[in-house]
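Right, one structure below, let's go through it.
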Amino acid sequence: MLELPEEPDQAEAPLTCVRCQGVLPAPGREAYTCARVHLILARGFCACRPAR
Ligand SMILES: [Zn+2]
C-alpha cells in the first residue's frame with residue numbers, strides 16, 4: 001500500500017484570516033476551489049491586507 005495521505009498541510013492550509021475571519025487571497029487561480037469560493041461568499045475577503 002503506497003497510498004499516501006493528501007498532504008494535509010497543503011490541503012488544509014488556513015484559508016481564512018485569524019483576525020477578521022476573511023478569506024485570504026489565493027496564490028493562484030487553481031487555489032480557488034469550491035470550498036474557498038464558498039468561504040469567500042460567506043465571509044468575504046480578508047480586510048487586513050490592503051490590496052496592492
Ligand atoms: Zn484579515
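All of the numbers you see were taken from the coordinates with simple rules; none came from a lab. On a predicted model such as this, the values are computed, not experimentally measured, just so you know. No Cβ is skipped: glycine too gets one built from the backbone with ideal geometry, and neighbour counts run over all protein chains shown.
Assorted remarks:
- Each residue of the range 16-22 is assigned a 3J(HN,Hα), and the resulting list reads 10, 6, 6, 8, 10, 6, x Hz, derived from the Karplus form 6.51 cos²θ - 1.76 cosθ + 1.60 (θ = phi - 60°), x at Gly and Pro.
- Amide H partners (placed H, <5 Å) of PHE45, local residues excluded: VAL23
- Of the residues VAL18, VAL37, VAL23, the one with the fewest other Cβ atoms within 10 Å heads the list, and the complete ranking is VAL18, VAL37, VAL23.
- Computed label-point distance, nm, for sites GLU3 and ARG19 using a 7 Å Cα→Cβ extension: 4.2 nm
- Sites CYS48 and ALA26, calculated FRET efficiency, Cβ-Cβ separation with R0 25 Å, nearest 0.05: 0.95
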